[in-house]
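The structure under discussion appears below in the form of structure tokens.
The values are calculated or read from the model by the stated rules, or taken from the named source; none is laboratory data. Worth saying up front: this structure is predicted, and the values here are computed from it rather than measured. Ideal geometry is used to build each Cβ from the backbone, glycine not excepted, and the neighbour counts take in all protein chains shown. Keep in mind that these areas ignore ligands, DNA and RNA; they rest on the heavy atoms of the full protein, side chains included. Shrake-Rupley method; radii C 1.70, N 1.55, O 1.52, S 1.80 Å.
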Amino acid sequence: MLRLSKKTDYALMAMKHLASDPRRRAASAREIAETYDIPLELMAKVLTRLVRSRLLISHHGVHGGYELAQPPAATSVAAVLEAMDGPLFMTACTQGDDRCDQFSKCNVRDPLHRIRDRIAAILAECSISEMAADPEPSASPVTVMPSAMVRRASVLSAASREP
């Protein structure tokens, strides 16, 4: 399962927060942490890592804070993930680790590498501005159905409308 670390989740929340209001010059770590109920120390570490990765700029002083280093459309979700957790990989052998007993006989390594490349491409295409354009979460949960069930529901719906 592809799962984001808490730090990456918080980094994306901070990036979206900064991108959501184009009039905002900068936001403090405290403002972001309090808005999303994140411990201040943890948010400060996340923001520092984003600054080191050149995704944010920090300003010191009374009116200081953090701002995006470039327009939100120019920053990809993939860049944030990589800044927080390093390169995306699905298996140990993705990083050239051939210590696996199955390495020489593995028949899924290459297909999994291609899947990883597709996921990475999607994450690279999605920008922070795209995330910022999404409305705030609603109270009702989203139900995700497997694609086969969606196709079946569409066919049944179409069949019920026929005379």
Going through the stretch 42-59 in order, the residues found to be farther than 12 Å from TYR10 by Cα and of a type outside the set (Val, Ile, Thr) are ARG52, SER53, ARG54, LEU55, LEU56, SER58, HIS59
Regarding GLY65, is this residue modelled with pLDDT under 95 and either surrounded by fewer than 19 Cβ atoms within 10 Å (Cβ to Cβ) or among the basic types (Lys, Arg) (or both)? no
So ALA29, is it open to solvent by less than 20 Å² (accessible area, probe 1.4 Å), in contact with a Gly (Cβ under 8 Å, 6 or more places away or on another chain) and closer than 21 Å to ALA83 by Cα: yes
Number of the condition not met by ALA73 [criteria: (1) open to solvent by 20 Å² or more (accessible area, probe 1.4 Å); (2) at positive phi]: (2)
May I ask you to list the residues in the stretch 1-29 that are within 21 Å of VAL62 (Cα to Cα) and either not hydroxyl-bearing (Ser, Thr, Tyr) or not in a loop (DSSP other than H, G, I, E, B) (or both)? ALA14, HIS17, LEU18, ASP21, PRO22, ARG23, ARG24, ARG25, ALA26, ALA27, ALA29
Being in contact (Cβ under 8 Å) with a residue 40 or more places away in the chain and under 17 Å from ALA132 (Cβ atoms) is the filter here, so list the residues in the stretch 25-55 that pass it. ARG25, ALA26, ALA27, LEU55
Considering every residue within the stretch 133-151, establish whether at least one is of a type in the set (A, V, I, L, M), open to solvent by less than 50 Å² (accessible area, probe 1.4 Å) and at pLDDT 80 or above. no
